Structure formats: C-alpha cells, structure tokens
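A short reminder: the numbers here are calculations on the coordinates, not readings from a lab. Here the structure is a predicted model, which means the values were calculated and not measured. Positions of Cβ are generated from backbone atoms using ideal geometry, with glycine treated the same way; all protein chains shown enter the neighbour counts.
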Amino acid sequence: MRVDKYLWCIRYYKTRSIATKACKKGAVRVNDVVVKASRDVYHGDAIRVRKNQINYALLVLDLPESRLGAKLVDMYRKDTTPKEAFEQNELLKYSKAYYRKKGVGRPSKKDRRDLEDFTHSEEE
C-alpha cells in the first residue's frame, strides 16, 4: 500500500491529496528516509510524520483495506510518539499567546502601562 494512502486510511490526514503534499514537502519518513507518496509501506515499517510542529512516530502493524473508523485505527498502527513532543507543543502555545496578532491595532492603555512597568523594572 502506498504511504500516502496508508496515512489517509489511518486518519493522519483528512484527504489523500493532503497526505501526498506532505510527502512532497518531506514531512514523511519511512525507516528514517524521506519518501515519495508512491513508496509502498509494509508490516513492521517505522513511519515518522511531521504535522502541526509535532514529530509523530508510527509502527505499521497491518495494512487496512480502506479508510477506517477512528476506533479501529489502533489495530493497524502503533503510536510510539514520545510524550515530550506533545509537551513541547504546549509550551509553544504559551509563548505565542502573549504576542498581539497582526492587524489587531495599536497597543491599549493597559498594554502601554505593562510595557512601561516592564522596562522601568529592568532599569532599576
């Protein structure tokens, strides 16, 4: 089975074309080798997928006939992604939360006061 079809069948990507684009960008590795979408996967292959700034690690247990329901996915793959990958993503969310989104506008009076407090506390 093709690697893009496999990733679509086990619900890592919503459509097969998105899975194909991920392969073209180099976000999918099989046995630590960047692969094309047409590469076949077999029982026992280790797949690494970079999606949403998380490096997922999968082990192919079996090949499904077609797209699966969410409850049946664990029969065909074993997720070996380390917990640190998800924790790092949580920290990344908090670091971005402080910054203002582009186009939101000028800083408010509260923002200005917070900046002044921050800069004056460093000078002292």
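Taking θ as phi - 60° and the Karplus parameters 6.51, -1.76 and 1.60, the scalar couplings of region 61-77 work out to 8, 7, 10, x, 6, 8, 4, 9, x, 4, 6, 8, 4, 5, 6, 10, 8 Hz in sequence order, x denoting glycine and proline.
Here each label is just a point 7 Å from Cα along the line to Cβ, and for residue 46 and residue 71 those points are 3.3 nm apart. Stokes-Einstein diffusion for the chain, with the hydrodynamic radius set to the Kirkwood value over Cα pairs and evaluated at 25 °C in a medium of 0.890 mPa s, equals 142 µm²/s. Remark: region 39-49, residue by residue, has Karplus-estimated 3J(HN,Hα) of 5, 7, 10, 10, 4, x, 5, 9, 10, 10, 10 Hz, where x stands for each Gly or Pro and the curve is 6.51 cos²θ - 1.76 cosθ + 1.60 at θ = phi - 60°. For the listed residue pairs 5/51; 51/78; 21/83; 71/93; 14/78; 14/51, the alpha carbons are over 23 angstrom apart in 21/83; 71/93. Every helix of 4 or more DSSP H residues in the chain counts as -39500 (n - 2.57), and over all residues that averages to -11500 deg cm²/dmol at 222 nm. Candidate cross-link partners of residue 36 among the aspartates and glutamates, defined by an alpha-carbon separation under 14 Å and a same-chain spacing of 8 or more, comprise 4.
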